[in-house]
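Student: Please read through the structure below; I'll follow up with questions.
Computed from the coordinates by the stated procedures, all read-outs in this text should not be read as laboratory data. Note that the coordinates shown come from a computational prediction; the quantities given were computed from them, not determined experimentally. Positions of Cβ are backbone-derived with ideal geometry, glycine not excepted, and every protein chain shown enters the neighbour counts.
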Amino acid sequence: MTGATPLFRQPRGVKFVDGKVFPAFPILNGSEGPGAAPVVRAVAMTLAVQALTSMALAVRRAADERAAMDASSEEAVLLLHGAWMNRCVMAYLAHALRRKGFAAQALTYRTMRGTLEEHLARMAKRIAALESPRVHLVGHSLGGIIALRYLQRKPDDRIRRAVLIGAPVAGCRAAADLAQRAGGEFLLGKSLGVWREPVDVSLDPRFEVGVIAGTGALGLGRLVTRLPRPNDGVVCLDETRFPAMRDHLALPLGHTLMLVSPRVARETAAFLKTGGFLR
């Protein structure tokens, strides 16, 4: 885009292999100089959590999902990850829910290359294959928006409750600002269509939806724009609220760290069981 702010720049002292830039570890404009240390720590911690979660729980996830497929639980849970991720990042939460008696499994969907309709079709197919008489949804970030859209369309009759974790259902400032930067539309891919949809928070009253939001201000959104507080580093607290939600809980956690939080796992299980958070 002409005149757009460059998204990436080569930091001093960093050499790129064969002259190529690897965007997996970008340094964004404004991250150098005074105040850079908190941003660098935020990036490092976020990436470390993602990597460690994937590696440490990969084997357990595979075994648990095989068990979940055969589980006779009366309640199944389908978990949806956020943008640029896959089901591995939901491994801890899925494992914690299984220990609470749910037949939990995570779904991978192509956040950058798939459209909203493709995501919903993939969800519907997986849910139709579940044998439990009651089914719940848990979505993180973009996954929470996908879950809400599913509830608004033609959901399975067995769907009862959903928990949205760090999901900007009322709009996302970080995504909007990223789209305005050079390379931003490429990074967002087809998920940009989801972010640009008109805000729709309507919900059939038969569904009970709980929302968990973070206020830890630790996430990659700080590298893109200046977010008003409170926020979780990517999503602002006011972006997670909507009139039809049954319960709302704010915790002092960052956007990605919520996925490996025992407190979040306990609260999620409690809402799916009772329709309310423990607090």
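Student: Calculate one ³J(HN,Hα) per residue across the range 146-152 by plugging θ = phi - 60° into the Karplus curve 6.51 cos²θ - 1.76 cosθ + 1.60, and present them in order as whole Hz with x for glycine and proline.
Tutor: Per-residue couplings from phi come out as 4, 4, 5, 4, 4, 5, 7 Hz.
Student: Search the structure for amide H atoms under 5 Å from the amide H of ILE159, placed 1.01 Å from N in the peptide plane, and list their residues when 5 or more places away or on another chain.
Tutor: When sequence neighbours closer than 5 places are left aside, the close amide H contacts are VAL135.
Student: Compute the signed sum of charges (Lys and Arg +1, Asp and Glu -1) over the other residues within less than 9 Å, Cβ to Cβ, of PRO228.
Tutor: On the way: positive: ARG173, ARG226, ARG229; negative: ASP238.
Net charge in that neighbourhood comes out at +2.
Student: What residues have an amide H closer than 5 Å to that of HIS248, excluding those fewer than 5 places away on the same chain, when H is modeled at 1.01 Å from N in the peptide plane?
Tutor: VAL211
Student: Going by how many other Cβ atoms sit within 10 Å of their own, how do PHE207, PHE271 line up, fewest first? List each step's numbers first, then the result.
Tutor: On the way: PHE207 17, PHE271 25.
So the ranking, lowest neighbour count to highest, is PHE207, PHE271.
Student: Can you put GLU267, GLU185 in order of Cβ neighbours within 10 angstrom, beginning with the fewest? Write down the numbers at each step before the final one.
Tutor: Numbers: GLU267 22, GLU185 14.
Ordered from fewest to most neighbouring Cβ atoms within 10 Å, GLU267, GLU185 come out as GLU185, GLU267.
Student: Could I ask something else about it? Computed FRET efficiency, Cβ-Cβ of ALA170 and ALA250, R0 22 Å: what is it to the nearest 0.05? Could you put the intermediate results ahead of the total?
Tutor: Working: r = 15 Å, r/R0 = 0.66.
Step by step, r from the Cβ atoms, then E = 0.90.
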